[in-house]
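Heads up, the thing below is written out as structure tokens.
The values are calculated or read from the model by the stated rules, or taken from the named source; none is laboratory data. Quantities reported herein were computed from a predicted structural model and do not represent experimental measurements. Note: ideal-geometry Cβ built from the backbone for every residue, glycine included; neighbour counts use all protein chains shown. Quick note on the areas: whole protein, heavy atoms, side chains included, nothing else; ligands and nucleic acids left out. Shrake-Rupley method; radii C 1.70, N 1.55, O 1.52, S 1.80 Å.
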Amino acid sequence: MTETQNDQISLHPQVQAYLARLAGFNFGALHTFPPEQAREGLRRQIALLGEPEPIAQVEDRTIPGSSSRIPIRIYTPDGSGPFPVLVFFHGGGFMLGDLDTHDGLARSLANGAQCIVVSVDYPRAPEHTFPAAPEACYTATQWVADNAASINADAARIAVGGDSAGGNLATVVAQMARDNDGPALVFQLLIYPDLDFRRTNFSIREYAGKYGNIGRETQHWFMDNYLNSAEEKLDPRVSPLLAPDLARLPATLIITAQYDALRDEGEQYGERLEEAGVPVTVTRYPGMIHEFLRHPFDDSKQARAEAAAALAHAFAR
């Protein structure tokens, strides 16, 4: 495992400028809004990031789910294929994100890794509580494996990935795929993943409510809307860091940010993967914050390039 660490580095100047602009808007505490209003606020923030990069083809579909159809968006880069494929799960606290909020990141990964990206619009809380999201994500991953030829993908080269809540879902899907004998996965890409609902580590205590991180009340708002009971916080499908066995999981890249409240649980997961014999790289980006990959910071471009290169390497193997 390799890691970039320097707790003496301050916020990157581009991040400082972004947070200063954000402070000029009185958005109010997120947990005081109805979910749909909070979702609309996130969509408006994403729209301010500008036009996403072009890609050869984008197609929206729905696929069968256990109780209803699951929307997906398929990104295909230039080339003839069949392409390797990344099944991607968006962040947003299991409540707010959607295909549109992560459109730019999905395009960047597809172009950079020269792979198809299947972005999954899993059922969100509070309308759909745990375990609806991980079950839908696993179903979507199975669908990709079973129907790879129909989307010009290679069923022998499938990875999963996601950011924040989506990183949680990617880890859970990888564990489910291992325990259910498939589909076989070659890689997992975990971008500042949310992996421990106990919320007790140092970075949570130190950074909650600071540097663009949500505060403690909003953390509990997300968790309370996602879960059916407090006891579920200890379920490994909710807190994958608590899974008793991490052996035989696919090679992994974990990207964390120095001033992210979720930093420590992502890095602790990397340590546990390494102890279990899983090839893993953990890269901490100094001066960065949660969700930085979706912003136009210089280090965001570097992190997206690192993620794309790691995917391409895994697919080539």
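R198 to S67: extension gain in nm, 0.36 nm per residue of separation minus the Cα-Cα distance?
Net length gain for the segment: 44.2 nm.
For every other residue with a beta carbon closer than 12 angstrom to the beta carbon of V173, add +1 if it is Lys or Arg and -1 if Asp or Glu, then tell me the sum. Mind dumping the intermediate values first?
Details: positive: R178, R237; negative: E135, D179.
Once positives and negatives cancel, what remains is 0.
I'd like to check one number: the per residue accessible area of region 162-317, probe 1.4 Å, reported in Å² as a whole number.
Dividing the accessible area of region 162-317 by its residue count gives 36 Å².
In what sequence, highest mean first, do 309-317, 80-88, 227-235, 68-76 appear when ranked by Cβ atoms within 10 angstrom?
Numbers: 309-317: 16.9, 80-88: 22.8, 227-235: 13.2, 68-76: 18.7.
Going from most to least packed, we get 80-88, 68-76, 309-317, 227-235.
For region 147-206, how big is Rg over Rh, using alpha carbon atoms and the Kirkwood form of Rh? Spell out each step's value before the answer.
Details: Rg = 14.5 Å, Rh = 12.9 Å.
Radius of gyration over Kirkwood radius for region 147-206 works out to 1.12.
At q = 0.21 Å⁻¹, what is the base-10 log of I(q)/I(0) for region 46-183 according to the Debye formula with one equal point scatterer per Cα and no solvent? Please give it to two decimals.
Those come out to -1.32, one per q.
With n ≥ 4 as the cut-off for DSSP H runs, can you work out [θ] at 222 nm for the chain, using -39500 (n - 2.57) per run divided by the number of residues, rounded to the nearest 500? Numbers along the way, then the final one.
Numbers: 9 runs with 114 residues, N = 317.
Mean residue ellipticity, 222 nm, calculated: -11500 deg cm²/dmol.
Can you give the alpha-carbon Rg of region 124-172 over 2.2 N^0.38 Å, where N counts its residues?
Rounded to two decimals, the normalised Rg is 1.27.
Which whole-number percent gives the relative contact order of the chain, counting Cα pairs below 8 Å spaced six or more residues apart?
21 percent
Nothing charged except the Cβ atoms of Lys and Arg (+1) and of Asp and Glu (-1): what's the magnitude of the dipole of the chain about its Cα centre? Round to the nearest 20 debye.
Numbers: 26 positive and 40 negative charges, 59 e Å.
The calculated dipole for the chain is roughly 280 debye.
Please list, in chain and number order, the residues 5+ apart from I70 or on another chain whose amide H is under 5 Å from its amide H, with Hs placed from the backbone.
Hits under the 5 Å cutoff: I63, G65.
Given H placed 1.01 Å from N in the peptide plane, which residues other than close sequence neighbours of F187 have an amide H under 5 Å from its amide H?
Close amide H contacts, sequence-distant or interchain: V160.
Across region 140-146, in residue order, what do the Karplus-derived ³J(HN,Hα) couplings come to in whole Hz, using 6.51 cos²θ - 1.76 cosθ + 1.60 with θ = phi - 60° and x for Gly and Pro?
Working through the residues one at a time gives 5, 5, 4, 4, 4, 5, 7 Hz.
Using the scaling law 2.2 N^0.38 Å as the reference, what is the normalised Cα Rg of the chain?
The value comes to 0.92.
Can you send over the carbon and sulfur percentage of the accessible area for region 104-233, probe radius 1.4 Å, protein chains only?
45 percent
Can you tell me the order of 211-218, 249-256, 43-50, 31-38 when each peptide is scored by its average per-residue count of other Cβ atoms within 10 angstrom, highest first? Before the final figure, lay out the partial values.
On the way: 211-218: 17.5, 249-256: 24.0, 43-50: 11.9, 31-38: 13.8.
Output ranking for 211-218, 249-256, 43-50, 31-38: 249-256, 211-218, 31-38, 43-50.
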